[in-house]
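One structure is given below, encoded as structure tokens.
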Amino acid sequence: MEITVNNTRIVLLKGDLIEQATEAVVNAANSGLLGGGGVDGAIHRAGGPKILEECKLIRAKQGGCPTGKAVITSGGNLKAKYVIHTVGPVWHGDNANESTLLRNAYYNSLLLAKENNIKTISFPSISTGAYRYPVGQAAEIALRTVISFAKENDIDEIRFVLFSDNDYQKYKSALLHLIPS
């Protein structure tokens, strides 16, 4: 499924984030930036040691990546030229400002893409795996943030690469709710 907002294609697809040939893929990282499980582990394994080396340099310089912020490395062995690492919030029932932190993770990733003249970017569903953020709520925050960014910035394509049928359906429902056709 796809829509166009101010010349930006926003695409939902079920697939493998690692296989995307966009200029950047977004890593749902942890604050330590040293790899982990899920998307983070898959990106580090597929991208090879170069990504980890660059993450270690970032850690040495600034001590990691706080929740809601984003940093950038090369894509190593990935098809994507860059990896934007962002840290989403762990779900605690939205009692710790998780919705704002999740919005910031998407927004700061897009801002970093813009600063690096990246025109195509692929996102996973941030925080909805091990961090347990409810997919439907996360999808609405992600899509609302991306649509708002696309209205004011020049980016060619923003993809949401969703791992499961359930995630795809939740994102599709959220998108139809936000942009009734």
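The values are calculated or read from the model by the stated rules, or taken from the named source; none is laboratory data. As the structure is a prediction and not an experimental result, all values here were calculated from the model. Cβ placement follows ideal geometry from the backbone for every residue including glycine, while neighbour counts extend to all protein chains displayed.
Numerical summary
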| item | result |
| --- | --- |
| Members of region 104-119 found to be crowded, with 19+ Cβ neighbours inside 10 Å and of a type in the set (Ser, Thr, Tyr), listed by number | Tyr106, Ser109 |
| Cross-chain or 6+ apart pairs with Cβ under 6 Å, region 131-149 first and under 23 Å from Thr8 (Cβ atoms) and surrounded by 22 or more Cβ atoms within 10 Å (Cβ to Cβ), then at pLDDT below 95 and not basic (Lys, Arg) | Leu143/Leu178 |
| All positions within region 113-156 that are within 30 Å of Asn95 (Cα to Cα), β-branched (Val, Ile, Thr) and not in a loop (DSSP other than H, G, I, E, B) | Val135, Ile141, Thr145, Val146, Ile147 |
| Some residue of region 170-180 being buried (at least 16 other Cβ atoms within 10 Å of the Cβ), without any contact (Cβ under 8 Å) to a residue 60 or more places away in the chain, within 14 Å of the chain's Cα centre (by Cα) and part of a helix (DSSP H, G or I) | no |
| Ser125 being crowded, with 18+ Cβ neighbours inside 10 Å, modelled with pLDDT of 95 or more, of a type outside the set (A, V, I, L, M, F, W, C) and in contact with an Asp or Glu (Cβ under 6 Å, 6 or more places away or on another chain) | yes |
| Residue among Asn30, Asn108, Asn6 that is of a type in the set (S, T, N, Q) and touching a Cys at 6+ places or on another chain (Cβ under 9 Å) | Asn30 |
| Region 20-60 - residue that is among the polar types (S, T, N, Q) and in a loop (DSSP other than H, G, I, E, B) and, of those, nearest to Ile121 (Cα to Cα) | Thr22 |
